[in-house]
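Accompanying notes for the structure given below.
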Amino acid sequence: MNQMKPSNVGWLVAGLLALAACSAPRDNSAQPAATAVTLASPGGIAATRAGANGRAIFQTGKDLSAVQIVAQPSTVYQSCAACHRADGSGGLHLSGGAVSADLRHKAIVTAQKHPYTVDSLARAISTGVDNESHLLNPVMPHWQLSKQDLHDVAVYVYTQLK
Ligand code: HEC
């Protein structure tokens with residue numbers, strides 16, 4: 001009988017791991033960010049699955065897999081648009097004197113000394129730390145999203161709210 005060489009065993013293990021990764025149940029966080037491909041596609045980011053996912057999260061609070069977004073601590077508001085309006089213009093007066101921020105490009109990029117990036121938006125959305133490294137008013141929930149959902153909604157805010 002053929003003895004398997006240790007190096008072959010290594011490849012076999014790697015292969016099995018790859019198979020296991022492929023057959024694992026769909027987990028948003030395991031998917032690579034598709035930015036590089038999608039930004040170059042016709043119709044732009046909005047026409048891609050990631051773009052549609054970001055829009056769905058912002059506007060309805062459910063991602064394309066119909067998973068409701070949640071925050072820690074939890075919030076009664078079900079979507080970003082519920083506080084920031086569908087066009088992202090914000091200005092809603094909320095509890096404790098908080099006013100929802102204007103998320104349109106001019107407000108969060110053009111008019112900023114330290115303009116938001118997709119990464120710093122993702123940080124603000126998930127941890128409440130803004131582009132100046134200050135803590136936002138806690139009325140802005142700290143969203144617990146999968147890596148993919150967080151990325152997609154940050155790209156949506158960055159590129160689609162004009
Ligand atoms: C309960 C209402 C509410 C919901 C829901 C909400 N936000 Fe906010 N958001 C706020 C408030 C209020 C602020 C302003 C906080 C402050 O002034 O410190 C804010 C600030 C922000 C900021 C920082 C803007 C800046 O100028 O620094 C970002 C980015 C943001 N929200 C994105 C989102 C996204 C994306 C979602 C959905 C995943 C969302 N928000 C859902 C209330 C909300």
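The figures follow:
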quantity: Contour minus Cα-Cα distance for His93 and Gln112 (0.36 nm per residue); calculated: 4.6 nm
quantity: Trypsin sites (Lys or Arg not before Pro) within region 87-132, DSSP loop, no more than 11 other Cβ atoms inside 10 Å; calculated: Lys113
quantity: Cα-derived Rg over Rh, computed across region 29-160 with Rh taken as Kirkwood radius; calculated: 0.94
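Readers should treat all values here as calculations from the given coordinates under stated rules, not as data from a laboratory. Please read all numbers here as calculations on a predicted model, not as lab measurements. Cβ: placed from backbone, ideal geometry, glycine included. Neighbour counts: every protein chain shown.
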